[in-house]
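Read-outs: derived from the displayed coordinates by stated rules, not from any lab. Everything quoted here is computed from the prediction, not taken from an experiment. Cβ: placed from backbone, ideal geometry, glycine included. Neighbour counts: every protein chain shown.
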Amino acid sequence: MPDILRMFSYPFMARAFAAGVAVALASSLLGVSLVLKRYSMIGDGLSHVSFGCLAIAAALNWSPLAVSLPVVTASAFLLLRLNESKRVYGDAAIALISTASLAVGVIVVSLTTGMNVDVYNYMFGSILSITQTDMILSIVIAVIVCGVFALLFHRIFAVTFDEPFSKATGLNTDVYNTLFALLTAVTIVVGMRLVGALLISGIIIFPPLAAMRVAKTFRKATVLSAIISVICFFAGLTMSFALNLPAGASVVALNAAVFIIMFAAGLISSAVMKRKV
Amino acid sequence: MRELLICKGATFSYEGMAVIKEADFTAFEGEYLCVTGENGSGKSTLIKGILGLKQPAAGKIEYAGGLKKREIGYLPQQAAVKKDFPAGVLEVALSGCLNGMGLRPFYNKADKERARECLELMGVYRLKNRSFGELSGGEQRRVLLARALCSAKRLLVLDEPVSGLDPSASRELYDTVKMLNEDRGITIIMVTHDIDAALTYANKILCLDCGKAFYGTPEEFSASHEGKKLYGGHRHA
């Protein structure tokens with residue numbers, strides 16, 4: 001046990017825990033709405049866009065965040081709009097943007113530095129690379145997302161549940177969609193430094209999907225999703241420290257395990273319910 | 001009577017094809033307006049136009065008499081709700097109260113009381129702790145109607161409200177809507193295939209057919225060409 005506690009004595013681990021818990025919280029809250037609005041793959045798509053941006057930023061020696069934040073935000077808007085217009089299928093749109101950005105990123109990387117440790121870190125995350133700025137940014141975004149969910153919870157439910165009804169009865173749905181695109185983009189840009197471009201989807205979609213197996217109301221699903229995500233992150237990072245495993249993969253693997261458990265629990269509880277009826 | 005909704009030469013089209021051509025009508029406060037017509041005649045399109053979900057290609061639909069969007073209640077024809085959506089019945093009904101809340105972030109006692117009353121009116125209050133996705137089609141319809149009642153302060157727009165309901169439930173629903181119209185003065189705009197009900201309950205009928213619209217009282221409608229056409233194929237005792 002003292003071994004486990006010792007990990008907090010490393011400053012980089014303390015930063016990783018603080019940033020990670022914050023990102024896990026933000027992504028799992030946003031994830032509930034994204035999954036229910038059929039945007040599960042948006043995290044995956046945007047993280048590849050972010051990868052392309054980081055490659056270009058590194059090549060030009062610009063600040064990674066200054067390039068990726070605006071571009072990823074713009075892509076998030078584009079994807080949400082494309083889906084609304086129904087001219088391109090939402091999932092196809094995400095695949096288009098994501099693979100194109102990945103291709104650009106890989107080309108830029110191979111022309112400049114080559115596939116090195118940095119690229120590996122973008123793809124799979126690195127807790128060592130978390131700076132003080134990343135940590136503060138993660139905490140700020142988590143506080144904003146939590147605040148938005150606390151104050152606008154019922155409206156977020158309404159827009160997620162039935163957008164035409166909300167719009168018809170006077171709710172400004174565009175404001176909520178814009179807010180979601182913005183928060184999702186920032187969360188992904190910050191989160192992918194931690195768990196990596198390939199795994200960021202995992203922390204967005206697994207906690208809500210796991211929660212929805214057992215929770216029957218939106219409120220319960222949202223709260224449970226946040227709890228699952230934070231616990232999985234904490235346990236995953238501890239596991240990676242103790243067993244010397246990659247951090248991002250450990251967190252996502254734990255999330256997957258919790259999903260399977262919840263899936264079984266959901267089946268059992270609905271079987272019990274049926275027997276009662 | 002005050003004007004509530006004015007439709008002036010509104011034309012709606014999908015990819016260049018006009019579905020509704022120059023529809024003209026005015027809904028007055030306290031009216032019960034039934035919109036009928038064959039499948040594909042543009043009834044749902046008109047409803048979307050009235051609710052501001054689709055912009056007319058020409059002409060316009062205006063709210064009058066100070067009507068605001070947040071005084072409207074709406075029952076969609078088919079809710080695009082997925083089975084696995086974690087939504088409690090009470091959460092769904094309460095969401096109808098959102099449009100009257102202004103900037104207030106949480107529901108207050110009056111909202112909760114209103115949701116309870118509307119669910120009771122639709123006979124589904126006993127389901128309040130159930131998950132919306134687990135309910136039968138008819139039960140879901142009643143819950144969505146309760147939500148529409150929560151949000152309807154002056155105008156209630158119903159798109160085929162009785163589809164999926166059995167005959168006795170349909171009758172109850174028509175009676176409830178009539179009560180809302182007469183006792184609370186809520187204006188009703190209802191899309192229906194049920195010509196009998198339209199002639200019984202409505203005091204104005206809008207019939208959309210072949211892009212041209214008939215607009216008048218039930219008596220005028222029965223005597224009209226469109227009325228005979230629709231009514232003729234609709235034999236009853």
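Points worth noting:
- Inter-part distance where the stretch A:154-179 and the stretch B:30-88 are each reduced to a Cα centre, Å: 15 Å
- Amide H contacts of B:Y32 (H built 1.01 Å from N, under 5 Å, at least 5 apart or other chain): B:I188, B:N203, B:K204
- Ranked for footprinting exposure by Cβ neighbours inside 10 Å, fewest first, B:D183, B:D84 give B:D183, B:D84.
- Sequence-ordered 3J(HN,Hα) estimates for the stretch A:228-239 from the Karplus curve with 6.51, -1.76 and 1.60 and θ = phi - 60° stand at 4, 5, 5, 5, 5, 5, 4, 5, x, 5, 4, 4 Hz, glycine and proline given as x.
- Cα principal axis extents for chain B, largest first, Å: 49, 44, 37
- Diffusion constant of the protein assembly as shown at 4 °C, which comes from Stokes-Einstein with the Kirkwood Cα-pair radius and 1.567 mPa s, µm²/s: 51 µm²/s
- Shielding value for A:66-75 is 0, the average number of Cβ atoms from other chains within 10 Å of each residue's Cβ.
- The convex hull built on the alpha-carbon positions of the stretch A:2-276 has an orientation-averaged projected area of 16.2 nm².
- Taking amide H as placed 1.01 Å from N in the peptide plane, the amide H of B:E3 sits under 5 Å from that of B:E29, each at least 5 places away or on another chain.
- Partner chain coverage, peptide B:90-98 - average Cβ within 10 angstrom: 5
- Counting other Cβ atoms within 10 Å as a rough exposure proxy, the listed residues A:D118, B:D24, A:D134 run B:D24, A:D118, A:D134 from fewest neighbours to most.
- Residue by residue along A:146-159, Cβ atoms of other protein chains within 10 Å of the local Cβ number 3 on average.
- Derived scalar couplings ³J(HN,Hα) [the stretch A:247-263; Karplus, 6.51 cos²θ - 1.76 cosθ + 1.60; whole Hz; x for Gly, Pro]: 5, x, 5, 4, 4, 5, 4, 5, 4, 5, 5, 5, 4, 5, 4, 5, 4
- The stretch A:2-276, relative contact order in percent, only Cα pairs under 8 angstrom and at least six apart counted: 31 percent
- Estimated D of the stretch B:16-112 in µm² per second, where Rh is the Kirkwood radius over Cα pairs and Stokes-Einstein applies at 20 °C, 1.002 mPa s: 130 µm²/s
- GNM on chain B, alpha-carbon springs under 10 angstrom: the most fluctuating residue among B:A93, B:A197, B:A23 is B:A197.
- By the Stokes-Einstein formula, at 1.306 mPa s and 10 °C, the stretch A:202-250 with its Kirkwood radius over alpha-carbon pairs has D equal to 141 µm²/s.
- For the stretch A:208-225, 3J(HN,Hα) computed residue by residue from phi via the Karplus equation (6.51, -1.76, 1.60; θ = phi - 60°) reads x, 5, 5, 4, 5, 5, 10, 7, 9, 10, 5, 5, 5, 4, 5, 5, 5, 4 Hz, glycine and proline entered as x.
- Going from the residue with the fewest nearby Cβ atoms within 10 Å to the one with the most, A:S166, A:S138, B:S44 rank B:S44, A:S166, A:S138.
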